[in-house]
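Everything below concerns the one structure shown next.
Since every read-out is calculated from the coordinates, none of them should be taken as a lab result. What you are looking at is a predicted structure, and each value in this text was computed from that prediction instead of being measured. Cβ placement follows ideal geometry from the backbone for every residue including glycine, while neighbour counts extend to all protein chains displayed.
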Amino acid sequence: MFTLIAHGPIYPEQPDMQTHLPIRNFVGAMEKALAEELKAAGYNVLNNVKWKHPLPADIWNTVRSEFRKDFPKLQQLT
């Protein structure tokens, strides 16, 4: 059995690639961080997210706290 949990849309659709790419890179970095933390907390993650773009810690901390509501094992991580 699988349970789908979705958050978003986080950002509105962008009118062109120039404004889309920075947001895409940022969201990809959040996806990677979330996948890594879910694995570290003991959840099964189906894909391996490969992303090299930076993720500002202050924004990630806010996003992480939202996902902790749905994934309680994330509370164990600091």
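Just checking, how many residues over region 42-62 are in contact with a helix residue (DSSP H, G or I) (Cβ under 8 Å, 6 or more places away or on another chain) and closer than 18 Å to LEU4 by Cβ?
Number satisfying all stated conditions: 4.
Somewhere in region 26-37, is a residue of a type in the set (Val, Ile, Thr) and surrounded by fewer than 14 Cβ atoms within 10 Å (Cβ to Cβ)?
Within region 26-37, none of the residues are of a type in the set (Val, Ile, Thr) and surrounded by fewer than 14 Cβ atoms within 10 Å (Cβ to Cβ).
Can you pull out the residues in region 60-78 that are of a type outside the set (S, T, N, Q), loosely packed, with under 13 Cβ neighbours inside 10 Å, in contact (Cβ under 8 Å) with a residue 24 or more places away in the chain and part of a helix (DSSP H, G or I)?
Correct list: GLU66 only.
Quickly run through region 49-59 and pick out the residues that are more than 13 Å from GLY28 (Cβ to Cβ) and either surrounded by 10 or more Cβ atoms within 10 Å (Cβ to Cβ) or not acidic (Asp, Glu) (or both).
PRO56, ALA57, ILE59
Considering only residues that are part of a loop (DSSP other than H, G, I, E, B) and under 13 Å from the mean Cα position of the chain (by Cα), which ones fall in region 12-45?
Answer for region 12-45, where residues must be part of a loop (DSSP other than H, G, I, E, B) and under 13 Å from the mean Cα position of the chain (by Cα): just VAL45.
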